[in-house]
Amino acid sequence: MDDIVKMIGLKNNCTFCGVFRRQALDRGAALLKVDKLVTGHNADDIAETVLLNILRGDIARLSRCTSITTGEDGPIPRCKPFKYTYEKEIVMYAYFKKLDYFSTECIYSPNAYRGFVREFIKDLERLRPRAILDIIKSGEDFRIATTTKMPEQGTCERCGYISSQKWCKACVLLEGLNRGLPKMGIGRPRGVNGDHKKDTKKPGPAVKSIESKQCGSLDFQNFGN
Amino acid sequence: MQLTLEFGGGLELLCDSEKIHKVNVDLPNGAAADDDFTMKHLLSWVRTNLIKERPEMFMKGDTVRPGVLVLVNDCDWELSGQLDTTIEEKDVIVFISTLHGG
């Protein structure tokens, strides 16, 4: 990561780290021939991701990020068993059970977009702790209009893994790094916003691709609370 | 009074990397002699005397930063009144940060 940051600077670090880490997880799981890949995402993470996707208008991810299992039709499904467990509960459990507790802060993350959302969610939790579960529930209840163009799942031309674009994100980023083009794969091809940061904790299948979709229209059916 | 303070989840880095601090605290100068010693007093004492760097990681305004767990004698302070929790001799107070990773 140090080498990557030397090349790309202090922005968009989460994009590179997240994509490559996911790829490593996937490849490792395939090598070990496992049935399922299970991650430790907790309720706070999922709530942060829901808000993050809304703030960025990422319809594709919004529809997927609250599923407890993803990629069921793929070779290795992924699951998040702690989806409804608050981070606070996990920390207290680890403390009382005297479990080995790693608490290293990522040194590249101070300016990550997710940090702002996390701050907001922590403030919300202080005022009304149920807010976290409520955000997850709202995320689960989102329905996307059928007229929205969603990315289609295909395969990456370069490495053969699943991708919704010609090349999967990992290949795009890698090519950019190797060619000395650190901005390749960063930012929207067209659209209003400039830089488009991705995050390390983005759940979802191995599809890591830039959106080529139009902005969707969210149809709010069953706005649960 | 004598107290034991513990810092975890990365907060110890703000106190010279010491996880456990055995301290002797007193009511601040402005308070009356028979005032209860509350968490509010303790927090400002900690901020002044123990936090050596980046106080914004520990406190926000008058209270701890959201995301920091406070346990008074192994009990969540939200059950005992948060800032109004009274502190007594030999109490053990633990501060754990739940914010980490990415």
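The values are calculated or read from the model by the stated rules, or taken from the named source; none is laboratory data. On a predicted model such as this, the values are computed, not experimentally measured, just so you know. Using ideal geometry, Cβ is built from the backbone for each residue, glycine included, and neighbour counts are taken over all protein chains shown. These accessible areas exclude ligands, DNA and RNA; they are computed on the full protein's heavy atoms, side chains included. Shrake-Rupley method; radii C 1.70, N 1.55, O 1.52, S 1.80 Å.
State whether the residues of segment A:204-223 include one that is open to solvent by less than 70 Å² (accessible area, probe 1.4 Å), within 27 Å of A:Lys80 (Cα to Cα) and modelled with pLDDT of 80 or more. Scanning segment A:204-223, I find no residue that is open to solvent by less than 70 Å² (accessible area, probe 1.4 Å), within 27 Å of A:Lys80 (Cα to Cα) and modelled with pLDDT of 80 or more, so the answer is no. For B:Phe95, the conditions (1) more than 14 Å from chain A (Cβ to nearest Cβ); (2) under 10 Å from the mean Cα position of the chain (by Cα); (3) among the aromatic types (Phe, Trp, Tyr) all hold with the exception of (1).
Residues of segment A:51-67 include at least one that is under 12 Å from the mean Cα position of the chain (by Cα), part of a helix (DSSP H, G or I) and farther than 21 Å from A:Lys149 by Cβ. Criterion first (assigned to a helix (DSSP H, G or I) and within 14 Å of chain B (Cβ to nearest Cβ)) does A:Val117 satisfy it? Criteria met by A:Val117.
For segment A:120-178, a residue qualifies if it is assigned to a helix (DSSP H, G or I), within 30 Å of A:Glu89 (Cβ to Cβ) and basic (Lys, Arg), and the qualifying residues are A:Lys122, A:Arg126, A:Lys137.
Quick grid of which residues meet (1) away from chain B (no Cβ under 12 Å); (2) at pLDDT below 80; (3) open to solvent by 90 Å² or more (accessible area, probe 1.4 Å); (4) within 30 Å of B:Lys60 (Cβ to Cβ):
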residue: A:Pro110; (1), (2), (3), (4): no, yes, yes, yes
residue: A:Arg143; (1), (2), (3), (4): yes, no, yes, no
residue: A:Asn178; (1), (2), (3), (4): yes, no, yes, no
residue: A:Met184; (1), (2), (3), (4): yes, no, no, no
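Here segment A:77-95 is the region considered, the condition is being more than 10 Å from chain B (Cβ to nearest Cβ) and touching a strand residue (DSSP E or B) at 6+ places or on another chain (Cβ under 9 Å), and the residue that is farthest from A:Arg64 (Cα to Cα) is A:Pro81. Would you be able to say whether some residue in segment A:72-83 is of a type in the set (Gly, Ala, Ser) and buried (at least 19 other Cβ atoms within 10 Å of the Cβ)? Within segment A:72-83, none of the residues are of a type in the set (Gly, Ala, Ser) and buried (at least 19 other Cβ atoms within 10 Å of the Cβ).
Within segment A:24-52, residues that are open to solvent by less than 70 Å² (accessible area, probe 1.4 Å) have Cβ atoms under 7 Å from residues that are among the polar types (S, T, N, Q) in these pairs: A:Asn42/A:Thr85; A:Ala43/A:Thr85; A:Ile46/A:Thr66; A:Val50/A:Thr66, counting only partners at least 6 apart in sequence or on another chain. Can you tell me which residues in segment A:1-58 are within 17 Å of A:Ile186 (Cα to Cα), modelled with pLDDT under 85 and among the charged types (D, E, K, R)? Once the filter is applied, which keeps residues that are within 17 Å of A:Ile186 (Cα to Cα), modelled with pLDDT under 85 and among the charged types (D, E, K, R), segment A:1-58 yields A:Lys6, A:Lys11.
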